[in-house]
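The values are calculated or read from the model by the stated rules, or taken from the named source; none is laboratory data. Everything numeric in this text was worked out from a predicted model, so none of it was measured. No Cβ is skipped: glycine too gets one built from the backbone with ideal geometry, and neighbour counts run over all protein chains shown. To get the accessible areas, we keep the full protein, side chains included, count just its heavy atoms, and leave off ligands, DNA and RNA. Shrake-Rupley method; radii C 1.70, N 1.55, O 1.52, S 1.80 Å.
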Amino acid sequence: MLKKIKTNITATKLLVVLMCLMILSSQSIYELSGWGKYLKLMMFALSIVVGLSSLFEEKLVNEKGGIFFFLVFTSYIFVLYILNSYNSGEGLTSFLITYLTLAFIFLYFRFNKLERYTNSYLLSLLTNIIIFFACISLIMWLIISIFDLVQPTQYVQLNWGIPHFIPSYFYVYFETQNVSFGSFTFMRNTWIYPEGPIYSFFLSFALAYNVFIKNNRICSKSSLILIITILTTGSSTGIIALAAMAFSRLITYLKKWGKLINSLVVIAATITLGVTIYFVIRQKTLNSQTSLNVRFEDIVAGYQSWLVHPVIGDGYGNYSILLSKMSSSRLVLNGNTGFSSGLSLLAAYGGLSLLLIYFIPIFKGIYIGGRNNINILFFSLIIIFLLLTTIVQTNFVMLITLPFLLTLRKKSTNQKEHI
């Protein structure tokens, strides 16, 4: 029996490695180049195998509560699918695959022996892989984008916004965007992603997990790699998230000091955080007023669209409702029809019925964190901030984080190594 358990664990670890690679491909240039539907199908297949195999873990199959929730959730997804088919919905096959993947990942987090601790095996491995590739992208960014030592090997079409061609370097590094801070302009480090905010999302998630869940110091080597790489993306969202994480981490250390020192540190840190956020927003306003205005406008447009049908939304994939709420100057003069807020998009597409899939796990993380573990509270707040400010609602990193937060009560706070 012990040999069988070890064999099952080894097989699961191999599948989790493959799953991490699929997760990293989410919203990448590879996915946008036409591989997207195949990558989603591969991720779906992996989630089914990993999820169902987890049900056969020793003695865990008797936990009927998790199986009941899985059945209820999958039924709920099919109900939303049917509602959207009568509600001007588009891309419903993708909708079904995306959220059924989430359901099977729930089975993995709930039942698999690798996922017995708050420090998740899957998310820890994903974080380590992101750190490794952050090092690679930093080196390539310096060699290619800063020192200009390598010429493009080919040009590929980027289907993000208005389709255009971008330089590719051996198809493992791409140059997509410039960014300016004051008088300083440089090529963003976007690695294999179409823009800085998307890559910054992966890095910010990894940093939040590394600091708040793995409980590593924010000045550790792994954290510093992520911090430096976030700065090279030139993403204002990433910089604000970074400042918020540094502030939050400081708060967790205050129990060691006296009340007077605590108060002074909190005041100083709050001022520093406020100044950092103000500086970032001000520079964005001076250098790229359109970018900043678009972010605020998207949040408002999503809110206004949600008010039309607050319970069931205006139909999954019904982008026309959002276009109708955008300013005419933005559409006519700039041709900027892209969206930047995942949370607003969810509200417009599916209303409260779709938002619940995200809100219940995140607010559960906030609740459990507020009662038992302040690090989980901060991690959950960072996740909802990233969802609000970045178009990552169907990114696999976001999707696997939801069942992780949902199953926290079943996990031990023991931070020892996994099996």
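Annotations for the structure displayed:
- Scoring 172-179, 186-193 by mean Cβ neighbours within 10 Å over their residues and listing the highest first yields 186-193, 172-179.
- Charge tally in the Cβ shell below 11 Å around Leu207, where Lys, Arg are +1 and Asp, Glu are -1, Leu207 excluded: +2
- Peptide ranges 388-396, 106-114 listed from the most packed, as the mean C-beta count within 10 angstrom indicates: 106-114, 388-396
- When a 1.4 Å probe is rolled over the protein heavy atoms, the share of accessible surface on the range 99-177 that falls to carbon and sulfur comes to 68 percent.
- Förster radius 25 Å - calculated FRET efficiency between Thr93 and Leu307, Cβ distance, rounded to 0.05: 0.30
- Over 12 Å [Cα-Cα, the range 116-159], rounded percent: 72
- The value given for the range 178-241 is a Kirkwood hydrodynamic radius of 12.0 Å, derived from the mean inverse Cα-Cα separation.
- Peptides 239-251, 135-147 ranked from most to least packed by the mean count of surrounding Cβ atoms within 10 Å: 239-251, 135-147.
- The convex hull defined by the C-alpha atoms of the range 21-173 has an orientation-averaged projected area of 11.7 nm².
- Three semi-axes of the equivalent ellipsoid, the range 101-244, Cα gyration tensor, whole Å, largest first: 30, 19, 14
- Of Lys37/Lys221; Lys37/Lys113; Lys37/Lys214; Lys13/Lys364, those spanning more than 29 Å from alpha-carbon to alpha-carbon: Lys37/Lys221; Lys37/Lys113; Lys37/Lys214
- Extension gain from Leu149 to Arg217, taking 0.36 nm per residue of separation minus the Cα-Cα distance: 21.0 nm
- Point-to-point label distance, Leu388-Asn178, nm (Cα→Cβ direction, 7 Å offset): 3.3
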